[in-house]
Amino acid sequence: MLELILGLVLFLGVHSVRIVANDWRSAQIQQRGEKVWKLGYTALSLLGFGLIVWGYGLARQSPQFLWATPKGMNHLAALLTLVAFVFLAAAYVPRNAIKAKLRHPMVLGVKVWALAHLLSNNSLADLLLFGSFLVWAVLSFRAARQRDRANPPAPLTASPSGTALTVLIGALAWAGFAFWGHAALIGVRPLG
């Protein structure tokens, strides 16, 4: 469990710098250069991610269950993760109405993904992993919205085809992960 906690602190800590110390981050980028900042950010993120994967895998070998998962939560989680995948696609597909309206769809996707997994899983490791990501996503979205209010970004344009493509890509990615990728990478078949 220590590996999981250390990985979460490292990964989410690096991803929280902009939330809690944006001015310091800007000063570091200006002082050291953007490439050096990104290299350190990437290295610490990868180390943290590796520790999360390793720690969660170890914790799953002897789970400490905290509650009984209500019946049907896996179906609700599947639906919520579909929404999360569409939000993730919206972060990258140009000219879609989802990003134009929400501005930060990737963070919202993380929020929905984490909530879905909290609803359908019930161990201490699940609570630590998905609860940590949910708290981070809430704080990250709040901070991003505050930055947007302080310095309003330019309006984004959207088209029906961009939005349709976003939903299609998100749904196809979700289907691939739900029916194949999750079992191949995580070892669990979420849809039986």
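Side notes on the structure shown:
- Residues that are basic (Lys, Arg) and farther than 21 Å from Val14 by Cα within the stretch 110-166 comprise just one, Arg149.
- Yes/no for Val9 being within 13 Å of the chain's Cα centre (by Cα) and either within 20 Å of Phe133 (Cα to Cα) or among the charged types (D, E, K, R) (or both): no
- When the stretch 26-44 is filtered for residues that are in a helix (DSSP H, G or I) and either over 21 Å from the mean Cα position of the chain (by Cα) or under 16 Å from Ala137 (Cα atoms) (or both), the ones remaining, listed by number, are Ser26, Ala27, Gln28, Ile29, Gln30, Gln31, Arg32, Glu34, Lys35, Val36, Trp37.
- Test for Leu58: is it surrounded by 21 or more Cβ atoms within 10 Å (Cβ to Cβ), in contact with a Leu (Cβ under 8 Å, 6 or more places away or on another chain) and free of Cβ contacts under 8 Å to residues at least 60 places away in the same chain: no
- Conditions (1) polar (S, T, N, Q); (2) crowded, with 19+ Cβ neighbours inside 10 Å; (3) in contact with a strand residue (DSSP E or B) (Cβ under 6 Å, 6 or more places away or on another chain); number of the one not met by Thr166: (3)
- Residues in the stretch 61-74 that are exposed (fewer than 15 other Cβ atoms within 10 Å of the Cβ) and assigned to a helix (DSSP H, G or I): 1 in all.
- Within the stretch 87-121, the residues that satisfy the criterion of being part of a loop (DSSP other than H, G, I, E, B), at negative phi and not small (Gly, Ala, Ser) are Tyr92, Val93, Pro94, Asn96, His104, Asn121.
- Condition check for Ala77: touching a residue at least 12 places away in the same chain (Cβ under 8 Å) and among the aliphatic types (A, V, I, L, M): yes
No value in this document is a laboratory result; all are computed from the given coordinates. Fair warning: this is a prediction, and the values are worked out from it, not measured in the lab. Because the Cβ atoms are built from the backbone with ideal geometry, glycine has one as well, and the counts that use them run over all protein chains shown.
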